[in-house]
Amino acid sequence: MSILLLVGGVFAFTQVATWKLGKDYAIEFSAKGVDGIFKTFSATINFDETKLAASKFSMSLDVNSINTGNGLQNKHAIGDEWFDAEKFPKIKFTSSSFEKTSAGYSVKGKLQVKDVTKDVTIPFTFAKKGNKGTFVASFSIDRSVYGVGKSGGDVSNNIKITATLPVSK
């Protein structure tokens, strides 16, 4: 019986808040030659600023939801030369650790684009107000590392991504 209480106490101590993603999220990207959004995004967010070791992010973008404002460009982006959405319909991120920084936080984890998975560190801020909050991350990736399009050309290899995620408990 005392073991059950101990295990239950440890679980309660390490459990972190689960945040539900709001509908007004924005996943934006920009580079020389292209900018746009991903319209469909899902996430499991377990985060507590006081329990970073127990926090976890798992996120997924629907590649087919890309919107550059140009239908022909969207079709080209999901094609096999760029994202190859038929074979690789999701872009995924899974966290491995969190850290407090002077500007907010950073999360380390695995970013999978197409069939390439790389370790990345994403800086972010978290503004909490009661049972609501907003995560904002801004970072860049090199698309050529993930085999997205050919290196060089009209679109810059360096893609800036800004994610704004309103959440509630």
Check: Of these, A31, A53, which one is open to solvent by 80 Å² or more (accessible area, probe 1.4 Å) and either modelled with pLDDT of 95 or more or touching a strand residue (DSSP E or B) at 6+ places or on another chain (Cβ under 7 Å) (or both)?
Finding: A53
Item checked: In the range 139-169, residue surrounded by the most Cβ atoms within 10 Å (Cβ to Cβ) [restricted to those that are without any contact (Cβ under 8 Å) to a residue 60 or more places away in the chain and hydrophobic (A, V, I, L, M, F, W, C)] -> I141
Note to self: Scan the range 144-156 and tell me whether some residue there is on the phi < 0 side of the Ramachandran plot and under 15 Å from the mean Cα position of the chain (by Cα).
What the structure shows: no
Notebook entry, point to check: Looking at V136, V120, V113, V107, which is the one that is open to solvent by 50 Å² or more (accessible area, probe 1.4 Å) and either farther than 19 Å from L61 by Cβ or touching a strand residue (DSSP E or B) at 6+ places or on another chain (Cβ under 9 Å) (or both)?
Noted result: V136
Check: Is it the case that A85 is touching a helix residue (DSSP H, G or I) at 6+ places or on another chain (Cβ under 7 Å), closer than 25 Å to S151 by Cβ and modelled with pLDDT of 95 or more?
Finding: yes
Checklist line | Flag if F47 is under 18 Å from K114 (Cα atoms) and either in contact (Cβ under 8 Å) with a residue 40 or more places away in the chain or among the hydrophobic types (A, V, I, L, M, F, W, C) (or both) | finding: no
Checklist line | Check on F41, open to solvent by less than 30 Å² (accessible area, probe 1.4 Å) and touching a helix residue (DSSP H, G or I) at 6+ places or on another chain (Cβ under 9 Å) | finding: yes
Notebook entry, point to check: All but one of (1) open to solvent by 80 Å² or more (accessible area, probe 1.4 Å); (2) farther than 18 Å from L52 by Cβ hold for S96; which doesn't?
Noted result: (2)
Check: Counting only residues that are of a type in the set (A, V, I, L, M, F, W, C) and either open to solvent by less than 20 Å² (accessible area, probe 1.4 Å) or farther than 26 Å from K150 by Cα (or both), how many does the range 62-79 have?
Finding: 3
Item checked: Tally of residues being more than 30 Å from S151 (Cα to Cα), over 13 Å from the mean Cα position of the chain (by Cα) and not basic (K, R) across the range 16-50 -> 11
Check: If you go through the range 97-122, how many residues are in a strand (DSSP E or B) and either farther than 26 Å from W82 by Cβ or in contact (Cβ under 8 Å) with a residue 40 or more places away in the chain (or both)?
Finding: 11
Note to self: Take the conditions basic (K, R) and outside any strand (DSSP E or B) and apply them to K128. Does it pass?
What the structure shows: no
Note to self: For the range 141-160, give me the residue count where each residue is under 13 Å from I91 (Cβ atoms) and among the hydrophobic types (A, V, I, L, M, F, W, C).
What the structure shows: 3
Checklist line | Conditions (1) of a type in the set (A, V, I, L, M, F, W, C); (2) surrounded by 13 or more Cβ atoms within 10 Å (Cβ to Cβ); (3) in contact with a Phe, Trp or Tyr (Cβ under 9 Å, 6 or more places away or on another chain): number failed by W82 | finding: (3)
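The values are calculated or read from the model by the stated rules, or taken from the named source; none is laboratory data. Just so it is clear, the model here is predicted, and its values are computed rather than measured. In this analysis, Cβ positions are derived from the backbone assuming ideal geometry, glycine residues included, and neighbour counts consider all displayed protein chains. Accessible surface areas use protein heavy atoms only, side chains included; no ligands, DNA or RNA. Shrake-Rupley method; radii C 1.70, N 1.55, O 1.52, S 1.80 Å.
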